[in-house]
1. Can you give me the C-alpha center-to-center distance between the range 336-379 and the range 124-143, rounded to a whole angstrom?
2. In whole Hz, with x marking every Gly and Pro, tabulate ³J(HN,Hα) for the range 159-171 from phi via Karplus 6.51 cos²θ - 1.76 cosθ + 1.60, θ = phi - 60°.
3. Collect residues whose amide H, placed 1.01 Å from N in the peptide plane, falls under 5 Å from the amide H of K170; neighbours closer than 5 in sequence don't count.
4. Whole-Hz Karplus ³J(HN,Hα) for the range 268-273, in order, using 6.51 cos²θ - 1.76 cosθ + 1.60 and θ = phi - 60°, x for Gly and Pro?
5. Quick check: pseudo-label points 7 Å beyond the Cα along Cα→Cβ at N281 and Y389, how many nm apart are they?
6. Could you rank the peptides 352-359, 310-317 by their average count of other C-beta atoms within 10 Å per residue, with the highest value first?
7. Please report the net charge: other residues with Cβ closer than 13 Å to the Cβ of D280, K and R +1, D and E -1.
8. Suppose R0 equals 30 Å. What FRET efficiency, 1/(1 + (r/R0)^6) with r the Cβ-Cβ distance, do H169 and L381 give to the nearest 0.05?
Amino acid sequence: MGRNSHVVLEAHDVRRETGTEPRYRAVFDPDMPVAMPNMAKKRDLRYWLSLPRIGAWGGAGRDSERQRAARRALPPTSNTGGKSAPQAEAQNLSPELQQISLVLENGEIKQVMVRAGWGDDLAHIDQVSFTVHESTCHVIAGHMMVADDEYILTMSQRLFQIFGFGVSHKRPKGMNFYRDTWVLGQEDVCYGNLSFGGQRNTMLIQLTATGCNAANSGWEKRLYDFLQHEAENPRLTRVDCAYDDFNGDYNADVMNEEVRAGRFNCGGRNPFVERHGDWDNPDGSGRTLYVGKRKNGKFCRGYEKGKQLGSPSSNWFRVEVEFKGVDRIIPLEILLNAGSYLAGAYPAFARFKGMKTPERIETIIKGQEYSLDHHLHYAALQVGRLVNYMREVASWSVESIVERLARPEAGYPQRLKLAHISCELGNQDFVHDYAHIDYDTDAFVRMAREEWHAGARFAHA
């Protein structure tokens, strides 16, 4: 490597690790010339793996303006997917997106997610999954544990402090290659899952969109503090960031145009694009646009949310970016600044600058309104003619019709249950409420001894 190569290899502890070797990060810093005369003689694996990710090398940065202008006028050098200079410049990322940060983890190169310098309140967390080592429960309880039930009860109580709900019951089978899985939330409204058993002695906690919406306000900061200061070996495995546009200013057609214009290209080849729904003749059932592949570490979907909830005339459009820890490190700060990470996901999202995501309660109420309209529509189709007959021919009163058709013991429709609005409006029975009973050991021994003597006297009698 020459004297003008601006690369620094530094040991970087991305998250707290115990007993492992430090991982390395290649950092591109154009303002700091570093002389490393020995690097040319000894180039290790980290150096070669970092080469494709770092921009101009050697004397490329010393070209004159005339040389650069001449090069921009040239066509692509091949037809194998390369771009001409004007096309590349049209897709240049903002300065916030040009930061390069690589991590060598277990022999694999992983990219550390970058955030834009704006948009902290642009989006909200719509789904989150994370893992912690089982020793986290030892830290929480202040003592060592042995039985699986102790781990589950301890983590349930801690999750209740963070989100407002804990473990309600156990599933028949484990999920995600874990031996056992428990349900978070209510008996009839699932907020997520807690999986334990195997997988390098870790615990996996998953929150669904329903759980994120129903959790007590401020859970993002409480979860961040827990993972940052209390948990052992914490790792975010999936985070979904969502932006809602109730007015439809950003809609399926606009997003589709930006995909065609290359605004979802982050410097490589054009992403995989998939369209669902009737795009030629929209019929009100809703359209969805997928950018990227689900198996990748970054996956975007834009869909007509209001129509999905059953309102054919709704303009509500939602954009979601799904980050997974497949080929990237998801920083804990995304819990506090979801909007800036969504803004930094694609160049197309620069148009959202200055916007703000609606308040969570506003989103929940609007979703409930659309769900109610949906149920009313199908209820009218199912019993509308019967109600007409009962009222006009049988001369039933409105009160009599409602009383006859109502089923008080059945509760509410699944999508309209109050537990979807807030965890405090649902069942609050969790497993940790029935545990941690302190027994008086001496009293227990005395009671057992008295029962034994009473049985002995009865036998002799």
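Coordinate-derived values only; no laboratory data. The model shown is predicted, which means the values in this text are computed figures rather than measured ones. Glycine also receives a Cβ, built like all others from the backbone with ideal geometry; neighbour counts cover every protein chain displayed.
1. 28
2. 5, 4, 5, 7, 9, x, 8, x, 7, 9, 7, 9, 7
3. Result for K170 returns V183.
4. Per-residue couplings from phi come out as x, 7, 4, x, 5, 10 Hz.
5. The answer from the label model is 3.5 nm.
6. So the order, starting with the most tightly packed, is 310-317, 352-359.
7. Value of the local net charge: -1.
8. Given R0 = 30 Å and the Cβ-Cβ separation, E is 0.25.
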